[in-house]
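Trainee: Mind having a look at this structure? Questions to follow.
What follows draws every value from the coordinates through simple rules; no lab data is involved. None of the values given here were measured: they were computed from a predicted structure. Don't worry about glycine lacking a Cβ; one is built from the backbone with ideal geometry, like all the others, and counts go over all protein chains shown.
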Amino acid sequence: MEAKAFRKKLKENILGLDRDFLLSYGDFRGLKSFQARDAYIWLYNRRELNPSKWSSLPISFRKAVSEDFDFSLPTVKKERASSDGTEKLLLELKDGNKIECVYIPQGKRITLCISSQAGCPLNCKFCLTGKGGYFRNLEVAEIISQIIILENKFSLFGKSYNIVVMGMGEPLLNYSNLCKALSIITDCEGLAISRRRITVSTVGIKEILERYLGDERMPLLAISLHSAIQEKRNALIPSKSVLSLIELRNLLQNNSRKGREPVSLEYVVLKDFNDHKEDIEALVKFCKGLKVKVNLIQFNEHPLLNFKAAEEKEMVRIQDILSENRISTTIRKSRGKDINAACGQLLDLERLKLK
Ligand code: SF4
């Protein structure tokens, strides 16, 4: 590695550095390549953030690496536990920005919900994160740190769990850092979490969604649809960066033809908004011929959001209609209702109240 490239990375958080960088850094510090690979394994695969414990490596290297890089994690500022077992953590980043991540147990299944941006620029009308404004993209280390923090707190290391990138932010607007983080998360010598256990949720960003679908290394995909009627979808998701329904459907059709895994369509059911007969007919029409499954999501009501949740029997009725049309459909009940922890409603409420 050139000294210039090395100096540029000096004092960066080590969790953002990939295998190639650590191999050349090891070489720069006099390690053999198998030892540099060992450093990568200690860090990510064994989750050992104290380099003095990297016992297979020379003490001089352990000292150098601890001085060259930052090994800190974001600070947990607040924790809220729901009666259903869901726990939300508010993390403070180095620059004072705050993000949230959530631990969601459901029977034996555990899901971790992580954020990709501090705030979100898209301003979806059913989402508190959107209301709170946008601050910045998360660094690779900040994306990976959320998993490490949740693993540590809930003793998850070595257990299987799922990850959903459905917290604060639109992941495809932070595509470069998302890809870098995913390559470390899914690497079998990195965090070693299978891509099939990870779901990235997006509203469908122009140009970038096509790249995502064209890359077989990417995890499962969920599209926040919420309406199959263009005007209503525009009202819910007003951003110009979002694909139209026709463009979205064309991409999903190509994807279905390639025999890829089904894409989930997220549909938050909003009483008297997207639950009418014509809404469900449009949804059925949109899904026909596509390899998709629909997740009907119970809305988490909040005084700052102008929507009401549909009743459970209404959601079952919609599920029945979709099933009659041979569209695989599940109902996702609201989790962490008492702590405002639903995906897309992850927000530092104190900040919002000040607005
Ligand atoms: S729903 Fe997702 S994309 Fe829309 S504002 Fe909220 S966080 Fe951003």
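Trainee: Are any residues in the stretch 140-184 crowded, with 21+ Cβ neighbours inside 10 Å and more than 21 Å from Thr129 (Cα to Cα), and if so, which ones?
Mentor: Of everything in the stretch 140-184, those that are crowded, with 21+ Cβ neighbours inside 10 Å and more than 21 Å from Thr129 (Cα to Cα) turn out to be Ala141, Ala181, Leu182, Ile184.
Trainee: Sticking with this one: Which numbered condition in (1) part of a helix (DSSP H, G or I); (2) crowded, with 19+ Cβ neighbours inside 10 Å is the only one that Glu100 fails?
Mentor: Condition not satisfied by Glu100: (1).
Trainee: Please determine, by comparing only the residues of the stretch 104-121 that are over 29 Å from Glu12 (Cα atoms) and part of a loop (DSSP other than H, G, I, E, B), which one is nearest to the ligand (Cβ to nearest atom).
Mentor: Among those residues, the one meeting the criterion is Gly107.
Trainee: Applying the selection to the stretch 75-95, what residues are assigned to a loop (DSSP other than H, G, I, E, B) and over 20 Å from Leu138 (Cβ atoms)? Spell out how you get there, then give the answer.
Mentor: Keep residues of the stretch 75-95 that are assigned to a loop (DSSP other than H, G, I, E, B), which gives 82-86, 93-95.
Within the stretch 75-95, Ser82, Ser83, Asp84, Gly85, Thr86 qualify.
Trainee: Let me ask something else. Test Cys101 against the criterion of being under 16 Å from Val200 (Cα atoms), hydrophobic (A, V, I, L, M, F, W, C) and either in contact (Cβ under 8 Å) with a residue 12 or more places away in the chain or away from the ligand (no atom under 11 Å from the Cβ) (or both), and give yes or no.
Mentor: yes
Trainee: Go through the stretch 160-177 and give me each residue that's more than 16 Å from Gly119 (Cβ to Cβ) and touching a helix residue (DSSP H, G or I) at 6+ places or on another chain (Cβ under 6 Å).
Mentor: Filtering the stretch 160-177 for residues more than 16 Å from Gly119 (Cβ to Cβ) gives 160-164, 175-176.
Across the stretch 160-177, the qualifying residues are Asn162, Tyr175.
Trainee: Filtering the stretch 150-188 down to residues that are within 16 Å of Ala222 (Cα to Cα) and either assigned to a loop (DSSP other than H, G, I, E, B) or touching a residue at least 60 places away in the same chain (Cβ under 8 Å) (or both), which residue is farthest from the ligand (Cβ to nearest atom)?
Mentor: Looking at residues that are within 16 Å of Ala222 (Cα to Cα) and either assigned to a loop (DSSP other than H, G, I, E, B) or touching a residue at least 60 places away in the same chain (Cβ under 8 Å) (or both), I get Leu178.
Trainee: Of the conditions (1) within 20 Å of Glu79 (Cβ to Cβ); (2) within 14 Å of the chain's Cα centre (by Cα); (3) not basic (Lys, Arg), Asn174 satisfies every one except a single condition; which number is it?
Mentor: (1)
Trainee: Could I ask something else about it? Restricting to the stretch 123-139, name every residue that is outside any loop (DSSP other than H, G, I, E, B), surrounded by fewer than 19 Cβ atoms within 10 Å (Cβ to Cβ) and in contact with a Gly (Cβ under 7 Å, 6 or more places away or on another chain).
Mentor: Selection gives Tyr134 alone.
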